[in-house]
1. Got at least one residue in region 187-205 being touching a residue at least 60 places away in the same chain (Cβ under 8 Å), surrounded by fewer than 19 Cβ atoms within 10 Å (Cβ to Cβ) and hydroxyl-bearing (Ser, Thr, Tyr)?
2. If we scan region 254-262, do we find a residue that is among the charged types (D, E, K, R) and assigned to a helix (DSSP H, G or I)?
3. Being part of a helix (DSSP H, G or I) and out of contact with any strand residue (DSSP E or B) (no Cβ under 8 Å at 6 or more places or on another chain) is the filter here, so list the residues in region 76-103 that pass it.
4. Restricting attention to region 368-419, which residues are closer than 17 Å to Met268 by Cα and charged (D, E, K, R)?
5. Anything in region 444-459 that is within 13 Å of Tyr411 (Cα to Cα) and surrounded by 11 or more Cβ atoms within 10 Å (Cβ to Cβ)? List them, or say none.
6. Going by the structure shown, is Val404 part of a helix (DSSP H, G or I) and at pLDDT 90 or above?
7. Given the criteria farther than 30 Å from Gly424 by Cβ and in the same structural domain as Leu40 (by TED's automatic domain parsing), does Gly160 qualify?
Amino acid sequence: MRTARGPGFPIEAGILHMTLPGRLNRKVVVDTNVILFDALAINKFKTADIYIPFSVIEEIDRFKRDLGENGRNARHFSRFVDVLRDKGSLAAGVELENSKSFVYVISDFKFTGLPSEMNLGVPDHRILGTAFTLMSQNDGADVELITKDINLRIKADVFGIAASDYDPEDTHLEDMYKGVKEIELDPAQIDGFYKDRQVELGQEYKLYANQYLIMKDRANPNHSAIGRFDGKLGKVVPLISPTESLWGIHPRNMEQSFAFDALLNDEMLFVSLVGKAGTGKTLLALAAGLHKTLDEGRFQRLLVSRPIFPMGRDIGYLPGDVEQKLNPWMQPIFDNVEFLLGADKKAAGRAQELINQGMLNIEPLTYIRGRSIPNQYLIVDESQNLTPHEIKTIVTRAGQGTKVVLTGDSYQIDNPYIDASNSGLTYSVERFKGQRISAHVSLTKGERSELAELAANIL
């Protein structure tokens, strides 16, 4: 029995009949919520020994029957660890492929002298205790608790245990790729762009494929032009600009012009639009989708979908059949479609007619797994609430000739398990950055109303 002291109070930590193993100086203890977020999270720590407390295994076992994302990740993790078990003893440690890391499944530890409020019947407290014992038994080792539970990270700090969030693809929102860049050019280059409808730029500008550019005259900022960098040509080309409004919608600012170009360009098979409420993301995507589907016949159907997450307290069970139950969740989409079809009482009828004809389909994301979606214009609204795995599941459903459009506001996340830095929307923007068939636009200027814009900025 040895005594370790944290900054708050003394704690006696007793280990159960063994000495903690380990090969590497850095050691991480993984919480259950990390595995539920990413089933293969233990593969992400290339230079650390990974310790999985027994309490985590027990919690994972309780989640494995869930039908949602948590259940899938729990089952996947269990199968993965079972494969490791065939390679050796998990108690003694099993080395991961293509890594120096060893994985250990270790028993929880007994503690004495803990404060009364630290109930060891709580799995989180046992996981915390395991991290503390690991730290006390390995003097000089870099021990870290990896958890997505903010409160557990706070508790860990009380015990002097280093704790961090799990963000393997962590991208701070302010650092996220904007899709738009402002550059300065010589007057002759801007004049040449208007004359030749293209301009070639040097490597010093470090441009991504399909990045949108605001080109300004070095001597006269009022002399400017906008365009898109064509990675295949290596030149800046003009935007696609419809001569007439699309279903009554026309771009009201430069950002919306960029968005329309991406939405109307048939070479852009993946488009992401990120912006605060009122910037026109969903409306622009729907207008472009209706135009491409009904006016041009480029796609067989416009498919609009969104995840089901309530804002605030859930209203509970809803009466009626499946369609009636889903109507409240899908109503924001119907509102936008009816606005585009005409602001009168006949709009709802026209929308229903398009649905009956199979030209328009509005549905939740619940049933998308296992499907193949060819020749469709697919809009996924509120995609900031999706995990990276869910985004992957959606995009990989796209069949031949399908265009996928993600819209979302990273500041309005209702999913309790993700934040702006690790949402599927942020993840996909960074992953698709610079790809030949993708484009991204961040919209900042609100156009819904003066009141909405003011509220978005000050509230």
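The values are calculated or read from the model by the stated rules, or taken from the named source; none is laboratory data. Every value quoted in this text rests on a predicted model; they were computed, and no experiment measured them. Glycine also receives a Cβ, built like all others from the backbone with ideal geometry; neighbour counts cover every protein chain displayed.
1. As a first pass, look at region 187-205 and keep what is touching a residue at least 60 places away in the same chain (Cβ under 8 Å): none.
Taking every residue of region 187-205 in turn, none turns out to be touching a residue at least 60 places away in the same chain (Cβ under 8 Å), surrounded by fewer than 19 Cβ atoms within 10 Å (Cβ to Cβ) and hydroxyl-bearing (Ser, Thr, Tyr).
2. Looking only at region 254-262, we keep the residues that are among the charged types (D, E, K, R), and these are 255, 261.
From what is left, the residues that are assigned to a helix (DSSP H, G or I) are 255, 261.
So far as region 254-262 goes, yes, one or more of its residues are among the charged types (D, E, K, R) and assigned to a helix (DSSP H, G or I).
3. Kept after step one, since they are part of a helix (DSSP H, G or I), are these residues of region 76-103: 76-87.
Selection gives His76, Phe77, Ser78, Arg79, Phe80, Asp82, Val83, Asp86.
4. Once the filter is applied, which keeps residues that are closer than 17 Å to Met268 by Cα and charged (D, E, K, R), region 368-419 yields Arg397, Lys403.
5. As a first pass, look at region 444-459 and keep what is within 13 Å of Tyr411 (Cα to Cα): 444, 456-457, 459.
Correct list: Thr444, Ala456.
6. Working: part of a helix (DSSP H, G or I): no; at pLDDT 90 or above: yes.
Against the criterion (part of a helix (DSSP H, G or I) and at pLDDT 90 or above), Val404 does not qualify.
7. Numbers: farther than 30 Å from Gly424 by Cβ: yes; in the same structural domain as Leu40 (by TED's automatic domain parsing): yes.
Yes: the conditions hold for Gly160.
Here is a yes/no grid of residues against (1) crowded, with 17+ Cβ neighbours inside 10 Å; (2) among the polar types (S, T, N, Q); (3) in contact (Cβ under 8 Å) with a residue 24 or more places away in the chain; (4) not in a strand (DSSP E or B):
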site	(1), (2), (3), (4)
Ile362	yes, no, yes, no
Gln412	no, yes, yes, yes
Ala420	yes, no, yes, yes
Tyr427	yes, no, yes, yes
